[in-house]
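Take a look at the structure below.
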Amino acid sequence: MNHETIFRKFDVMDIPKGSIVLLCGVQNCGKSTWSKKHFKEECIINTDDVFYSILEKYSPAEKTFEEIEMLTSLEIKRLIDESKTKNEYTVVDAVPTEYEERISWIEDFCTEFKNVILIAFKSNILEVLSNPRKPASHLDKKWSITFPPQDYIVMANHGLLQEIKSDIIRIGATKTYILSTENKNSIKCEINW
């Protein structure tokens, strides 16, 4: 498999038809905003939306948090399979930030795709921390979900960038793009037929 890692300046992302595009970056770094600008809405699977739609259906008395995570994974898998049959590409916003969870998740969900494209967001951590967080929803309160502390976000951002090369080898990514704060708003994505 051809591993193409792009750390240099680039203007266009080449997305071959039939690809799965995986977005990875710390919470609140702009992944969803960026993906909505660059990809068709029907091709995007937002994992947070899936998670919260599952949470909405149950109470803590009916399901454990681990069961909710399992149901979320099954639903994401179903949506990926559905997208693969009807869309020219699939975008997953976003894969987990923790290394082992991310690798396991990617290995489970991406085996049927010819092209796996990883887009990692190299964030200016001060900018991420200064971005307003979305307020806790009624579901966060009902399930006692808390957002990670700032020092965790700083460590996760640093760790993610250290692990990217391992990801490429382990998941067999055909292309990897590193988006920095400086270039993420000027990139064009081209779907290659």
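The values are calculated or read from the model by the stated rules, or taken from the named source; none is laboratory data. Since the model is a prediction, treat every value here as computed from it, not as a measurement. Using ideal geometry, Cβ is built from the backbone for each residue, glycine included, and neighbour counts are taken over all protein chains shown. For the accessible areas, the whole protein counts, side chains as well, though only heavy atoms, and no ligand, DNA or RNA atoms are used. Shrake-Rupley method; radii C 1.70, N 1.55, O 1.52, S 1.80 Å.
Were the residues from Tyr58 through Glu41 laid out at 0.36 nm apart, the gain over their Cα-Cα distance would be 3.4 nm.
For region 54-63, the Karplus equation 6.51 cos²θ - 1.76 cosθ + 1.60, evaluated at θ = phi - 60°, returns couplings of 6, 4, 4, 7, 10, 10, x, 6, 8, 9 Hz by residue, with Gly and Pro reported as x. The distance between label points at Arg78 and Phe65 comes to 2.4 nm (points 7 Å beyond Cα on the Cα→Cβ vector). For the peptides 85-96, 21-32, 63-74, the ranking by packing is 21-32, 85-96, 63-74, with the highest mean count of neighbouring Cβ atoms within 10 Å listed first. Of Lys17/Lys63; Lys122/Lys175; Lys31/Lys63, which ones are farther than 27 Å apart at the Cα? In this structure, Lys17/Lys63; Lys31/Lys63 lie more than 27 Å apart at Cα.
Taking the Cβ of Met70 as the centre, find all other residues whose Cβ is under 15 Å away and add up their charges (Lys, Arg: +1; Asp, Glu: -1). Intermediate results must be reported in sequence, preceding the final value.
Numbers: positive: Lys57, Lys63, Lys77, Arg78; negative: Glu62, Glu66, Glu67, Glu69, Glu75, Glu101, Asp108.
My count for the surroundings of Met70 gives -3.
Proximity of backbone amide H atoms, modeled 1.01 Å from N, is registered between Ser19 and Thr90 at under 5 Å, excluding neighbours fewer than 5 places apart on the same chain. For Ile76, the solvent-accessible surface computed with a 1.4 Å probe is close to 10 Å², ligands and nucleic acids excluded.
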